[in-house]
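Engineer: The structure's right below; bear with me while I get my questions together.
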Amino acid sequence: MSSTLDPSSRLPSFEVLEPRLLLSGVDESGQALLQGLYESFNSSEMDFGDAPDSPLAPGYPTLAGNNGASHIIGGPWLGDDTDKPDGEPDGQPDPNALGDDNDGNDDEDGVQIPDLTVGQPAVIMFDVSGAPVNGAFVDAWIDWNGNQIWGDVVGEKIVQAGPLADGLYGVNVTPPVGSVVGQTFARFRINTVGNLGPKGAADDGEVEDYEVWIEEAPQDELDFGDAPDSPLAPGYPTRAGNNGASHIIGGPWLGDDTDKPDGEANGQPDPNALGDDNNPISNDDEDGVVVSPLAPGNGGAVIVTINDGAGGSGAGRAFLDAWIDFNGDMTWQLAESIHSGWLPHGSNVLTFPVPPTAVIGQTFGRFRVNSQVTALPPTGPASDGEVEDHEFQIIELPENAKWVQWPDLTPFGIDIKADGDGPDTPRLLAADFLCEQTRLRA
């Protein structure tokens, strides 16, 4: 877009279609005069960009032959008082958009662009100088998709501002998902009219191009389980490829304040569910559940320590889902759930029945804690919390073994036994029980 200029201070602009400006109906002397006037202002009074471009392989619109952005020097500019633009006969394409800086006058310091990260907000600063009374206008783009076209997708125009007085301004930007990772380029244009496109001529102002670096979005740190699993012989859902349970680390966890979960790239399957503990590059973070042997047809118990993620000063509770694979088929079924609900911060005793059909031998439990109200399944992702897998032993009790009961959670304790072998030997009868209520009868 062009504006009406004061003839005493500006020469008219022309669209150059050929190396020489040829006007029909003008004699040779008049043609020579016009050509001289054009060459006079065009060679020394134009500011061009310097994003990558080439006559052999056109890139960004930088060269005049590629309809590159150009400004008749005068009016506002980007940068401080020492940063006025210099004139170039044509665009100054450079692989790093430094062509205008490297031509002997570093005049492109009006914009500060930090390294950007996909999906994360950042602030770009630009400095306006030489603004007239009616203000200056700034238009700017970032080539998010890296296809050497500014403005071909929604969101690539990051600034359309004005009128602006002299001063420093900031613009918030967030590289969208799908942005090219690595090098790309930005273009900033300033003039007294505004609403410029990324290419073509303007009657005053300046154009500055900048290299931009975009980094990948950081991957969330995930906590996985470590029950037995393998790509060759899938077992429990532990690995990501087997829809293993995973949690974005944050929020509540299992254990005390020293037991915060560490991140893993994938599940850590282990024959004894110790993969997360034994990982040499991570810490032993699976101490949130204390288990004991289980016996078919008896009561079982575990101790679960809940940390609300703030040492008890946060929500004060977390939601726990837990299963034990009683039939040993390497799946945690709904009927094998031993808990699904809120637990308070601190140590909690969970009691549950062990089915009479529980299979003797080694098996595994899974414990998942998070801050959400909805119950989790034993597979798949969760938005926060932790997963811990634990080995259990299901054993067959001796004939006179005690029932497993709190506070002695081992099945080897004595419920009632008569000590002494001879008929005259004193006998001691002993038992332990947890009394939860008192009932008196007349």
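Derivation of every value follows stated rules applied to the coordinates shown; laboratory data play no part. Given the structure is predicted, the values throughout are model-derived calculations rather than measurements. All Cβ positions, glycine included, derive from the backbone under ideal geometry; neighbour counts span all protein chains shown.
Engineer: Hull surface divided by four, with the convex hull built on the Cα atoms of the stretch 81-221: how many nm²?
Structural biologist: Answer in nm², one decimal: 8.9.
Engineer: Follow-up question, since we're still on this one. Please give the length that would be gained between residue 147 and residue 279 if that part of the chain were fully extended, namely 0.36 nm times their separation in residues minus their C-alpha to C-alpha distance (nm, one decimal).
Structural biologist: The residue 147-residue 279 span can extend by a further 43.2 nm.
Engineer: Please report 371, 230 as a ranked list, fewest other C-beta atoms within 10 angstrom at the top and most at the bottom.
Structural biologist: 230, 371
Engineer: Kindly state, as a whole number, the per residue volume in cubic angstrom of the convex hull around the alpha carbon atoms of the stretch 62-149.
Structural biologist: 131 Å³
Engineer: With an 8 Å cut-off on Cα pairs and a minimum separation of 6 or more residues, tell me the relative contact order of the stretch 206-332 in percent.
Structural biologist: After rounding, I find 23 percent.
Engineer: Based on the alpha carbon coordinates of the stretch 105-184, what radius of gyration and maximum Cα-Cα distance (Dmax) apply, in Å?
Structural biologist: 13.8, 41
Engineer: Additional query: Any chance you could list the semi-axes, whole Å, largest first, of the equivalent ellipsoid that the Cα gyration tensor gives for the stretch 204-257, using √(5λ)?
Structural biologist: Result for the stretch 204-257: semi-axes of 44, 19, 7 Å.
Engineer: Another one. Among 64-72, 128-136, 184-192, how do they line up from the highest to the lowest mean number of other beta-carbon atoms within 10 Å?
Structural biologist: Order by mean packing, descending: 184-192, 64-72, 128-136.
Engineer: Something else: Just the projected area, averaged over all directions, of the convex hull on the alpha carbon atoms of the stretch 313-401: how many nm²?
Structural biologist: For the Cα atoms of the stretch 313-401, the hull's average projected area reads 6.8 nm².
Engineer: If contacts are Cα pairs under 8 angstrom and at least 6 residues apart, what is the relative contact order of the stretch 116-171 in percent?
Structural biologist: RCO, the stretch 116-171: 47 percent.
Engineer: Something else: What per residue convex hull volume, in Å³, comes out for the stretch 232-307 when only alpha-carbon positions are used?
Structural biologist: 132 Å³
Engineer: Right, another one. What number, in percent, do you get for the relative contact order of the stretch 89-235 if the mean sequence gap of Cα pairs under 8 Å and at least 6 apart is divided by its residue count?
Structural biologist: 27 percent
Engineer: How far apart, in nm, are the 7 Å Cα→Cβ label points at residue 54 and residue 160?
Structural biologist: Going by the 7 Å Cα→Cβ label model, 3.4 nm.
Engineer: Take 139, 287 and order them by how many other Cβ atoms sit within 10 Å, fewest up front.
Structural biologist: Placing the least packed residue first, the sequence is 287, 139.
Engineer: Please compute the length gained on full extension between residue 256 and residue 133, using 0.36 nm multiplied by the number of residues separating them and subtracting their Cα-Cα distance.
Structural biologist: Taking residue 256 through residue 133 to full extension adds about 37.8 nm, to one decimal.
Engineer: Still on this structure: Between residue 180 and residue 45, what length comes free when the chain is fully extended (0.36 nm per residue of separation minus the Cα-Cα distance, one decimal in nm)?
Structural biologist: Roughly 45.1 nm would be gained on extension.
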